[in-house]
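Working notes for the structure below.
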Amino acid sequence: METIARAAGAGTETLQKVAASVVSELNRVWNDDLSPPVVSAPLYHLTGRICGCEDPYLSEKVSYTLEALKFLPTIEALVEGSSDPFEAAVRTAIAGNLIDFGTGVHKSGADGSRINLEKTLEKYLAKTLFRDDIPVLKEKVDKADTILVIGDNAGETVFDRPLLKLLRPAEVVYAARETPIINDATVKDARLAGVEEEALLVSSGSRMPGVVLEDCSDTFRDIFQNADLIISKGQGNFETLTELSPDGRIFMLFTVKCPVAADHLGAVMGDLVVMRW
């Protein structure tokens, strides 16, 4: 949580208070049966309260979103000009998943320099997928009347827009977080990214960096239960939604970002995943 606290502008005294409080809280909430997002959520919120800053990454989120929006015409042109626009749109959505302050992978160089969006996109359009359920996803999209897309990180939301466009004529609902947590996209963040131009934007009601239905609003749970197809973005959503029994409606789109997820999948860090659940 030190990174979160520093982003909130914490000094030495506050950092020490955060460290002590987080250790105490972690000892209280730790449970091997809980997913990392469930364990970490109260620690993020505790850190924010101690630092007096609810949204430490707000300026970073806005900056990445505005930067990605400048690149949107290039993103759309690459997708539209591809031999398989649907696959290109899926890969583009995964490329956006690289923007994640929670894991530090938004830094590219030893000097902490920011990622190069264009080079990242080109790399992801060509990279082999570790798990490739895109053909099945396309079949499901063609048959679906209602599609729920669960967003992940701010800035990444811009990369989701070409895919959202290709999901129509189905009714498309895009869900974002209720309150700020790390750099996960809130409804406000997703609105800045222009998501409402492509889908109905709703709050999941969740305060976690993932989707735990018990933590979500009644409205979101109703949408979730009744959607013909669910597209889930990001590793946090993967870690929480795979606790549900698979029913074939959920497709996980993400980049493997931690050793735990890599071991669980038999993948390596940086692998791209499109997985039906």
### Message
Checking the structure you have, find out if any residue of region 229-240 is out of contact with any Gly (no Cβ under 9 Å at 6 or more places or on another chain) and part of a loop (DSSP other than H, G, I, E, B).
### Response
no
### Task
Would you mind telling me which numbered condition in (1) within 19 Å of Val90 (Cα to Cα); (2) touching a Lys or Arg at 6+ places or on another chain (Cβ under 6 Å) Glu197 fails?
(2)
### Query
Here are some conditions: (1) at pLDDT 80 or above; (2) in contact with a Leu (Cβ under 7 Å, 6 or more places away or on another chain). Leu43 meets all but one. Which one does it not meet?
(1)
#### Entry: Residue list for region 172-192, restricted to those being of a type in the set (S, T, N, Q) and either surrounded by fewer than 24 Cβ atoms within 10 Å (Cβ to Cβ) or touching a Pro at 6+ places or on another chain (Cβ under 8 Å) (or both)
Thr179, Thr186
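Suppose the filter is within 17 Å of Arg131 (Cβ to Cβ), among the small types (Gly, Ala, Ser) and buried (at least 16 other Cβ atoms within 10 Å of the Cβ); does Gly270 pass it? Walk me through it before giving the result.
Numbers: within 17 Å of Arg131 (Cβ to Cβ): yes; among the small types (Gly, Ala, Ser): yes; buried (at least 16 other Cβ atoms within 10 Å of the Cβ): no.
So Gly270 fails the test.
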### Message
Here is a list: Asp100, Asp32. Which entry is surrounded by fewer than 19 Cβ atoms within 10 Å (Cβ to Cβ), in a loop (DSSP other than H, G, I, E, B) and modelled with pLDDT under 75?
### Response
Asp32
### Summary
The condition of being of a type in the set (A, V, I, L, M) and either closer than 14 Å to Ser35 by Cβ or within 17 Å of the chain's Cα centre (by Cα) (or both) holds, among Ile231, Ile223, only for Ile231
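The values are calculated or read from the model by the stated rules, or taken from the named source; none is laboratory data. Since we're looking at a predicted model, the values are computed, not measured. Note that each Cβ is placed from the backbone with ideal geometry, even for glycine, and that neighbours are counted across all protein chains shown.
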